[in-house]
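Colleague: Right, I'll just put the structure down here and ask away after.
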Amino acid sequence: MTDVAERKTPLFLRLLGIAALAGAGAATGYTLANVAEIGDMPWDDALSLAMAVSLLAIAVISAGVMVTRPSTVPKGCGVLQIIVMALAGVMMLLPVFGTAWASPDLVFIGIVVLLAVQTAANLMLWRAADEMLRRVMWETCAMAFWALQIALFLYAAAERLGLVGGVTAWGMMGILMGVYLIASIVASARRGIK
C-alpha cells in the first residue's frame, strides 16, 4: 500500500501552482486593462488579443493544475498540451504587438519558427496520446470544421449578395481560433476530461 506522504504533492509545488494561477489572473487583468486599449483596436486585433490571453491563461492554469496534482496521477500529455496552447497564444499576440520590438520581417520569421515548434509538439502529442485524447482531438476538429463550413458558406453568400462587408484573413484566423477553442472545450467535456 502506498504511503499517504508519497501520494501528496509537496507543499512548495502546490504553492508554485497557486502562484502560477494567481499570476495568470493578474497577467490577464493587466493585459486587458493596460497593455491594449481594446475599444480603440480593430475588431480582428481585439479578437486575436482575447484568444491569445485565453490560450495563455489556460496554459498557465493547466500547468498549475499539473504541478499541484498528486504525484501518483500520471502526467500524460499535459506538458505537450501546455506547450501547444502557450505557443498558439504567443503566435496570436506577435502580429499585433511584435512590431513594437522588431521589424515585421523579424516578427514573421519568429512566427514561422514558433509554428514549426508547435507543429512538432502537436505531432508528438498525437503520437503520445491515448485513444480517448485522440478521440477528443478528432471530435474537436470535426465540430470546428462543420461549424466553420456552415458559417463560411452563409457569410460568403451574404457577402456576394452585398449584405455584409469583407473580413480580413486575420479576422478569420481569430474566428477560427475561437470556434476551435469552444469545440475543444465541448469535446473535452463530453468525454469527461477536466
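Colleague: Under the condition of being outside any helix (DSSP H, G or I) and closer than 19 Å to S48 by Cα, which residue from the stretch 141-172 is modelled with the lowest pLDDT?
Modeller: G166
Colleague: Something else: Go through the stretch 45-103 and report how many residues are in a helix (DSSP H, G or I) and either among the aromatic types (F, W, Y) or in contact with a strand residue (DSSP E or B) (Cβ under 6 Å, 6 or more places away or on another chain) (or both).
Modeller: Qualifying residue count, the stretch 45-103: 1.
Colleague: Pick from A144, A86: which is touching a helix residue (DSSP H, G or I) at 6+ places or on another chain (Cβ under 8 Å) and in the same structural domain as A57 (by TED's automatic domain parsing)?
Modeller: A86
Colleague: Which of (1) at pLDDT below 90; (2) closer than 28 Å to R191 by Cα does A121 not meet, given it meets every other one?
Modeller: (1)
Colleague: Next question, about the same structure. Out of (1) out of contact with any Pro (no Cβ under 8 Å at 6 or more places or on another chain); (2) modelled with pLDDT of 90 or more; (3) buried (at least 19 other Cβ atoms within 10 Å of the Cβ), the odd one out for V90 is which?
Modeller: In the conditions (1) out of contact with any Pro (no Cβ under 8 Å at 6 or more places or on another chain); (2) modelled with pLDDT of 90 or more; (3) buried (at least 19 other Cβ atoms within 10 Å of the Cβ), V90 misses (3) alone.
The values are calculated or read from the model by the stated rules, or taken from the named source; none is laboratory data. All values derive from a computational prediction rather than experimental measurement. We place every Cβ from the backbone using ideal geometry, glycine too, and count neighbours over all the protein chains shown.
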